[in-house]
């Protein structure tokens, strides 16, 4: 049986947001506090196709000296930060959030369309839906 250890202490929202961002930086192998809070960082495979896709999404290569890393990195010929077969890239947070919002909206629209299509097929087959049976 689990013991009741009480509730967790309240943490102000700004501390939660900063802590989450700092934890994200450390997960990426970046020193917390050295990253730009207005940018989103990620390691991208160095292949030409993967970096081109990232650039199309607004990402740019992070240069040596822009952030401090917690992992061993090499400096590429263009001063990019390289760890194995990965290169560190970043994008403006506003661009990232706008793209994520569009992706969610598109997923919802696709799901709604699939649901509507299924309802129409059911009606053609004479199948009653929950909506129709709840009105009875």
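Each value in this text was obtained by applying a stated rule to the coordinates, not by laboratory testing. Being a predicted model, the structure only gives us computed values, none of them experimental.
Descriptive notes on the structure:
- Mean-position separation - Cα centroids, the stretch 102-119 and the stretch 47-68, in angstrom: 32
- Taking 0.890 mPa s as the viscosity and 25 °C as the temperature, the Stokes-Einstein diffusion coefficient of the stretch 13-134 based on its alpha-carbon Kirkwood radius rounds to 140 µm²/s.
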